[in-house]
Amino acid sequence: MTETDNTNKHAARMIKKKAVVDERIAKATEERGVLILLKGNGKGKSSSAFGTMARALGHGQKAGLIQFIKGRKATGEYLFFKDHPKVDFNIMGHGFTWETRDKAQDIEAAEKAWEIASRMLKDDHYDILVFDEMSYMFKYEYLDVAPVVQALKARPKDQNVIITGRTMHRDLVEIADTISEVADVAHAFRKGVKAQPGIEW
Ligand code: ATP
Ligand code: MG
């Protein structure tokens, strides 16, 4: 096969591909907010959510963020976004960390965080909401999934919501629009590399 044949073949393939993509684009006409779930055991779920939030902020949108698991006090995302005029940054108070094992206190904190979240889900001033690590609230049965599903379904039409966590409740999977799974192919931790600011927190 000559070089020209190859080039022609490639061009024909691209034209065909473009037609397929164009047809799909033409069919996607609905305008509404989406529910995005970011799950899996690999690294990159929360940072993807913050990245998408930054993208929305770039367009002047208003964001609400709730971190359902209290980790280190001063994460990079907290330091970067806390004073942003268009971000309401909430960290679940006195709440669940991997160290605490006071279930009653954890549940109380989870319920308070959910109170804030459910208020945001009724408020169309928020264009995008991020519920970081919310999935654990269902896994550990700190929150009931039914009212969350109900509130998500009833939220303002154009509001986008992102929920992160390693495992996702099947009732959330059922109503989600976009679900991405981050696979753990390798992690520096297993090579003995210490957690570091800017990468881990
Ligand atoms: P990130 O916040 O970096 O996007 P994530 O939200 O996908 O990560 P989490 O399960 O919330 O992952 O865990 C957060 C922290 O745990 C990060 O510091 C990350 O590097 C670390 N981590 C994530 N996946 C793994 C893994 N498979 N092995 C070891 N550490 C991990
Ligand atoms: Mg995370």
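The values are calculated or read from the model by the stated rules, or taken from the named source; none is laboratory data. For clarity, every value in this text was computed on a predicted model and none was experimentally measured. Neighbour counts are summed over all protein chains in view; Cβ atoms, including those assigned to glycine, are modelled from backbone coordinates with ideal geometry. For the accessible areas, the whole protein counts, side chains as well, though only heavy atoms, and no ligand, DNA or RNA atoms are used. Shrake-Rupley method; radii C 1.70, N 1.55, O 1.52, S 1.80 Å.
Overview of values
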{"item": "Average Cα contact separation per residue, the chain, under 8 Å, 6 or more apart, as relative contact order %", "result": "33"}
{"item": "Å² of accessible area per residue within the chain, as computed with a 1.4 Å probe and no ligands counted", "result": "64"}
{"item": "Listed residue (Ile199, Thr178, Ala54) projecting farthest to the positive dipole end of the chain, Cβ model", "result": "Ile199"}
{"item": "Value at 222 nm in deg cm²/dmol, rounded to 500, when DSSP H runs of n ≥ 4 in the chain each add -39,500 (n - 2.57)", "result": "-13000 deg cm²/dmol"}
{"item": "Cα-based Kirkwood hydrodynamic radius, the stretch 33-191, one decimal, Å", "result": "15.9"}
{"item": "Protein accessible area in the stretch 27-167, 1.4 Å probe - carbon and sulfur %", "result": "50"}
{"item": "For the stretch 1-112, convex hull volume per residue from C-alpha positions, Å³", "result": "205"}
{"item": "Scattering curve values for the stretch 149-201, log₁₀ I(q)/I(0), Debye with Cα scatterers, q = 0.14, 0.17, 0.21 Å⁻¹", "result": "-0.59, -0.73, -0.88"}
{"item": "Computed magnitude of the charge dipole of the stretch 33-191 (debye, nearest 20; Cβ of K, R +1, Cβ of D, E -1)", "result": "480"}
{"item": "DSSP-defined beta bridges in the stretch 33-191 - what % are antiparallel, rounded to 5", "result": "0"}
